[in-house]
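> Would you mind keeping the following structure in view while I ask a few things?
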Amino acid sequence: MNRVGIADTTFARYDMAGSAIKEFKKWASVKIERYTVPGVKDLPVAAKKLLDERGCDIVMALGMPGPEAIDKQCAHEASLGLILAQLMTNKHVLEVFVHEDEAETDGELAELADMRTREHVLNAIKLLFEPKKLIKEAGMGEREGYKDAGPIRL
Amino acid sequence: MNRVGIADTTFARYDMAGSAIKEFKKWASVKIERYTVPGVKDLPVAAKKLLDERGCDIVMALGMPGPEAIDKQCAHEASLGLILAQLMTNKHVLEVFVHEDEAETDGELAELADMRTREHVLNAIKLLFEPKKLIKEAGMGEREGYKDAGPIRL
Amino acid sequence: MNRVGIADTTFARYDMAGSAIKEFKKWASVKIERYTVPGVKDLPVAAKKLLDERGCDIVMALGMPGPEAIDKQCAHEASLGLILAQLMTNKHVLEVFVHEDEAETDGELAELADMRTREHVLNAIKLLFEPKKLIKEAGMGEREGYKDAGPIRL
Amino acid sequence: MNRVGIADTTFARYDMAGSAIKEFKKWASVKIERYTVPGVKDLPVAAKKLLDERGCDIVMALGMPGPEAIDKQCAHEASLGLILAQLMTNKHVLEVFVHEDEAETDGELAELADMRTREHVLNAIKLLFEPKKLIKEAGMGEREGYKDAGPIRL
Amino acid sequence: MNRVGIADTTFARYDMAGSAIKEFKKWASVKIERYTVPGVKDLPVAAKKLLDERGCDIVMALGMPGPEAIDKQCAHEASLGLILAQLMTNKHVLEVFVHEDEAETDGELAELADMRTREHVLNAIKLLFEPKKLIKEAGMGEREGYKDAGPIRL
C-alpha cells in the first residue's frame, strides 16, 4: 500500500490535514503518515523525514502563512526548502499554502483552505496512481481552491 | 535515440507541451517523455525525475505563471529549483515560462506561448545535436517568442 | 539522555539562551549543548555542527535581527541556511528570531524574546518526546510570543 | 596546458566571448573550450559541465541581462547558480554580466561589454597563474569596465 | 598551529585584509592563508578552497559592496554562498562586509572597515580558541564596527 505523508502546522488556523485525510479516504487506499510542526519553515525537514525515514511515496505540505511581510518571507523560504527536499529525494512534495489575506472573512478562509487542500489531494492521487490523467489536464488553467481559469487556444 | 523530457503543468492556460511535441517532430527524431504536474513549483522535481529515472538527455520545463506578486514569487522559486536540478545532474533543463501578463489578450498569450515554446525546442535540438550552431548565434540578441533584439557592435 | 543544541548570538540584545535553558530544565531532562556565535548568519553552521559533531537531536537557533533593511536581509539569509542545515541532517532546527522592531520599548522586546523562546522550547520538547501532542494542536492558530490567533472552522 | 571554459549566450547582444578569446590570446597560452547556451539561466550548468566534463580549470560566464524587472530576476537566479556551481566543484567561475541598462547607447553598451570582459580575462589569468598579483591589488577599488574607484586609507 | 584563511577582494576600496592580519598578529599565533579575488561573489568558492584545499580551520571573508541596488544584490548572493560553503564544510566563515553607503566620507568608511574587520578577528579568535568567552557575551547586543547596542533585560 502506498504511503502518503501529510505535514502540517500548529500555526495554521484551519485543520487542513483533516480535510486532506478525509479526501484521501474518499478516493484512495493509502497509509497516511501525519507530522505536525510549529510553522511553515519547519515543513521542509518534516517532509524530508517523511520521505526518508517513514517511507512515504509523496508528501503534502500544508501551511497557512500570515498576512504580514515577514510571513510572506517565511513562506518564500519554506517554498524553497520544499523544492530542495524534493530534489534531494526525487519525490513529490505538494505545497498547499493558503495565505491568510487571500480571504476577507474567517469563513471564506476556512472554505478556501478546505477546498484547496482537497483539490491538491486529487493532484497527489493522480501523481501517485494516474499520471496520465494529469497529462490530459495539461494547459487547462486549473486553479486549486479557486474557479479554474480555463484553457486558451490559438 | 535521444530522449527528451517535457514537463508541463495543469495550471498553464495553454498546452505548451503540445506545441513542443509538434515542433520536435518536425525537426528531430527523439523519444519524448512527458510529465505533467500541477504547477511550476512542481517542475523542478519532475525535471530531475525525467533526467534521473526516465533516462532523458535534456528536459524542457514549460510553465505559465499568473500575473499576481505571489505568482511571480512562485516562478522565481521554480527557476531556482530548475537551476539546481541541472547542477545536480549536469544536464540542461530549458525553462520556458510565459507570464500571463506578457500579453494583453488570450489570443496573444496563446500565440506567445506557442512561439516561445517552439523557439526553445530549436534551442534544445541545437544543445543536443548541434552545439556549434549555438556558438554561431552567440551575442546575436535572440529573443524566444519576441522579435530578436539583434546584435550590437563596437 | 537526549541532547539539545542551543545556538545563539552576541548580536542579540537579550539572553534568549538563558530563557531557553531555564524552560528546558522545568520540563525535560536533556543535556544542553550551547554554542554562541557573533550573528544570525553564523547560526546555520553552528546548528549543523551541533547536530553533526556534538550529537544533538534537535537545535534551537536563537537570534534577534536588527530593524534595518540589511538586518532583514541577513535574517532571510540565515533562515535559508537553517532550512538547508535541516535538510542536510534530517533533524529539526527551530528558528526563534525576534526582530528588534517587533516591540516599542526595550522592556517589551525583552518580554517578547523571553516568551517566544520559552514557547518554542515547548515545541522542541514536543517534537522530541511527544509528537502526537503537536498533531492535536494542528490548525489551532498558535503564535509563539503573541496571543494565539486561534482556529477557524467551516 | 590550462583549459579555460567560456560560457556565453545567444541572448546577449554583443559577442563577449569574442572579446574574451582575443584577450586570452594576447596574454596567455591556454586551451579554450567554448559553450554557448540560450540565456543566463542556462549558464550555471554550462559552467559546471565545462568544469566537470571538459576538464576546464576555470570558467568565464558571460551574459547580458535585459533591462526589465524579470531580466534582473533571471540574472539573480543565474548568479546564485554560478556560485553554487563553484561550491560544488571548488573551481572559479567568473561571472561577467553587463546589464543592458548600464549604457545609454548601443555603442556604449558594446564598449562596456568588451571592456568588462577583457578586464575579467585578466582576473582569470591572475587567478590561474599569478594569484599573488591579485593580493597586491586587494582593496584597490578596482571596477571592471568602469574607471576604478581607487583605494581609500585611514 | 591553526590556519586562518583570509579571503578578500580587489573591488574593496580598503585593505581590510591588512587590518585583519595586523589584528591576528597582536593576539594569536596562527598561520594565515590569504586569497584575493575580484569581487564578493568570488568569495564563497575562495573560502571553500581555503577550507578544503589549504587546510584552514576558519575563514574570514572580507568585502566592501558598492552603494547601488545591483551591489546589494551581489552582496546578498555572496552571503548565501558563504552560508552554503560553511554548511558543506562544517567550518565557520565569518562574513565581514562593509557597505560603501554605511559612511559619509572616505575617511569614515576606511575607519569603519578597519574597525569592523578587527572586531571580527576577535570573534574568529574566540571561535577558534575560546568559545566559552562568546557564551559570556551572548545577548549583549554587540555591534562590530559600531558602538554596541548593549543588552536589555526583563
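The values are calculated or read from the model by the stated rules, or taken from the named source; none is laboratory data. Everything numeric in this text was worked out from a predicted model, so none of it was measured. Using ideal geometry, Cβ is built from the backbone for each residue, glycine included, and neighbour counts are taken over all protein chains shown.
> Against the condition within 23 Å of residue D:29 (Cβ to Cβ), of a type in the set (Val, Ile, Thr) and more than 9 Å from chain E (Cβ to nearest Cβ), how does residue D:105 come out, does it pass?
Values: within 23 Å of residue D:29 (Cβ to Cβ): no; of a type in the set (Val, Ile, Thr): yes; more than 9 Å from chain E (Cβ to nearest Cβ): yes.
Here the answer is no, as residue D:105 does not meet what is asked.
> A follow-up question, please. Can you go through D:72, D:91 and tell me which one is in contact with a Cys (Cβ under 9 Å, 6 or more places away or on another chain) and either facing chain E (nearest Cβ under 8 Å) or under 30 Å from residue B:92 (Cα atoms) (or both)? Give the steps one after another, and end with the answer.
Details: D:72 fails: in contact with a Cys (Cβ under 9 Å, 6 or more places away or on another chain).
That would be D:91, the only listed residue that is in contact with a Cys (Cβ under 9 Å, 6 or more places away or on another chain) and either facing chain E (nearest Cβ under 8 Å) or under 30 Å from residue B:92 (Cα atoms) (or both).
> Considering A:71, A:42, which residue is among the acidic types (Asp, Glu), under 25 Å from residue A:106 (Cα atoms), surrounded by 24 or more Cβ atoms within 10 Å (Cβ to Cβ) and in contact (Cβ under 8 Å) with a residue 24 or more places away in the chain?
On the way: A:71 fails: surrounded by 24 or more Cβ atoms within 10 Å (Cβ to Cβ).
Being among the acidic types (Asp, Glu), under 25 Å from residue A:106 (Cα atoms), surrounded by 24 or more Cβ atoms within 10 Å (Cβ to Cβ) and in contact (Cβ under 8 Å) with a residue 24 or more places away in the chain holds for just one of A:71, A:42, which is A:42.
> Out of the residues in region D:1-17 meeting the condition of being at pLDDT 95 or above and surrounded by fewer than 19 Cβ atoms within 10 Å (Cβ to Cβ), tell me which one is nearest to residue D:102 (Cα to Cα). Lay out the reasoning, then the answer.
Within region D:1-17, the subset at pLDDT 95 or above is D:2-17.
Cutting the leftovers down to surrounded by fewer than 19 Cβ atoms within 10 Å (Cβ to Cβ) gives us D:2-3.
Details: D:2: 33, D:3: 31 Å.
Selected residue: D:3.
> Working carefully through the options B:89, B:117, B:105, find the one that is modelled with pLDDT of 95 or more, touching a strand residue (DSSP E or B) at 6+ places or on another chain (Cβ under 6 Å) and not hydrophobic (A, V, I, L, M, F, W, C). Steps first, answer last, please.
Working: B:89 fails: touching a strand residue (DSSP E or B) at 6+ places or on another chain (Cβ under 6 Å); B:105 fails: touching a strand residue (DSSP E or B) at 6+ places or on another chain (Cβ under 6 Å).
Going through B:89, B:117, B:105 in turn, the sole match is B:117.
> Of everything in region D:21-48 that's of a type in the set (Lys, Arg) and not in a helix (DSSP H, G or I), which residue is farthest from residue D:94 (Cα to Cα)?
Within region D:21-48, the match that is farthest from residue D:94 (Cα to Cα) is D:31.
> Just one of C:107, C:18 is outside any loop (DSSP other than H, G, I, E, B) and under 13 Å from the mean Cα position of the chain (by Cα); which is it?
Working: C:107 fails: under 13 Å from the mean Cα position of the chain (by Cα).
Just a single option satisfies the conditions, and that option is C:18.
> Let me ask you something else. Residue by residue through region D:50-71, note down the ones that are farther than 21 Å from residue D:15 by Cα and not in a loop (DSSP other than H, G, I, E, B).
D:51, D:52, D:69, D:70
> Are any residues in region B:38-76 among the acidic types (Asp, Glu), under 16 Å from the mean Cα position of the chain (by Cα) and over 21 Å from residue B:128 (Cβ atoms), and if so, which ones? Even if it seems obvious, please write down each step before you answer.
Looking only at region B:38-76, we keep the residues that are among the acidic types (Asp, Glu), and these are B:42, B:52-53, B:57, B:68, B:71.
Keeping just the survivors that are under 16 Å from the mean Cα position of the chain (by Cα) gives B:42, B:57.
Correct list: B:42 only.
> So which of B:53, B:100 ends up being acidic (Asp, Glu) and touching a residue at least 12 places away in the same chain (Cβ under 8 Å)? Reasoning before the result, please.
Details: B:53 fails: touching a residue at least 12 places away in the same chain (Cβ under 8 Å).
The unique qualifying residue is B:100.
> Among residues belonging to region D:51-68 that are touching an Asp or Glu at 6+ places or on another chain (Cβ under 7 Å) and surrounded by fewer than 24 Cβ atoms within 10 Å (Cβ to Cβ), point out the one that is nearest to the other protein chains (Cβ to nearest Cβ).
D:66
> Would you check which residues across region C:111-142 are crowded, with 17+ Cβ neighbours inside 10 Å and either on the phi > 0 side of the Ramachandran plot or of a type in the set (Lys, Arg) (or both) and list them?
C:116, C:118, C:126, C:139, C:141
> Would you check which residues across region A:128-144 are in a helix (DSSP H, G or I), touching a helix residue (DSSP H, G or I) at 6+ places or on another chain (Cβ under 7 Å) and of a type in the set (A, V, I, L, M) and list them?
Looking only at region A:128-144, we keep the residues that are in a helix (DSSP H, G or I), and these are A:128-129, A:131-137.
Among the residues that remain, those that are also touching a helix residue (DSSP H, G or I) at 6+ places or on another chain (Cβ under 7 Å) are: A:133-134.
If the condition is that a residue be in a helix (DSSP H, G or I), touching a helix residue (DSSP H, G or I) at 6+ places or on another chain (Cβ under 7 Å) and of a type in the set (A, V, I, L, M), then A:134 is the only one that fits.
> What residue, of E:45, E:40, is out of contact with any Lys or Arg (no Cβ under 8 Å at 6 or more places or on another chain), closer than 24 Å to residue E:77 by Cα and either of a type in the set (A, V, I, L, M, F, W, C) or at the interface with another protein chain (Cβ under 7 Å from one of its Cβ atoms) (or both)? Step through it out loud before you land on a result.
Values: E:45 fails: out of contact with any Lys or Arg (no Cβ under 8 Å at 6 or more places or on another chain).
Going through E:45, E:40 in turn, the sole match is E:40.
> In this structure, does residue E:89 turn out to be in contact with a helix residue (DSSP H, G or I) (Cβ under 6 Å, 6 or more places away or on another chain) and over 21 Å from residue C:42 (Cα atoms)?
Values: in contact with a helix residue (DSSP H, G or I) (Cβ under 6 Å, 6 or more places away or on another chain): yes; over 21 Å from residue C:42 (Cα atoms): no.
Spelling it out, it is not the case that residue E:89 is in contact with a helix residue (DSSP H, G or I) (Cβ under 6 Å, 6 or more places away or on another chain) and over 21 Å from residue C:42 (Cα atoms).
> Then there's this: Might you let me know whether region C:79-100 holds any residue that is out of contact with any Pro (no Cβ under 9 Å at 6 or more places or on another chain), assigned to a loop (DSSP other than H, G, I, E, B), crowded, with 20+ Cβ neighbours inside 10 Å and not basic (Lys, Arg)?
yes
> Exactly one condition in (1) within 15 Å of residue E:39 (Cα to Cα); (2) out of contact with any strand residue (DSSP E or B) (no Cβ under 7 Å at 6 or more places or on another chain); (3) β-branched (Val, Ile, Thr) is false for residue D:70; which is it?
Only one criterion is unmet by residue D:70, namely (1).
> Looking only at region A:1-18, count how many residues are at the interface with chain C (Cβ under 9 Å from one of its Cβ atoms) and touching a residue at least 24 places away in the same chain (Cβ under 8 Å).
In the first step, residues of region A:1-18 are kept if they are at the interface with chain C (Cβ under 9 Å from one of its Cβ atoms); the result is A:8-18.
Checking which are touching a residue at least 24 places away in the same chain (Cβ under 8 Å) leaves us with A:8-14, A:16-17.
Within region A:1-18, residues that are at the interface with chain C (Cβ under 9 Å from one of its Cβ atoms) and touching a residue at least 24 places away in the same chain (Cβ under 8 Å) number 9.
> In contact (Cβ under 8 Å) with a residue 12 or more places away in the chain and surrounded by fewer than 20 Cβ atoms within 10 Å (Cβ to Cβ): is that true of residue B:48 in this structure?
Details: in contact (Cβ under 8 Å) with a residue 12 or more places away in the chain: yes; surrounded by fewer than 20 Cβ atoms within 10 Å (Cβ to Cβ): no.
Considered against the rule, which asks whether it is in contact (Cβ under 8 Å) with a residue 12 or more places away in the chain and surrounded by fewer than 20 Cβ atoms within 10 Å (Cβ to Cβ), residue B:48 comes out as no.
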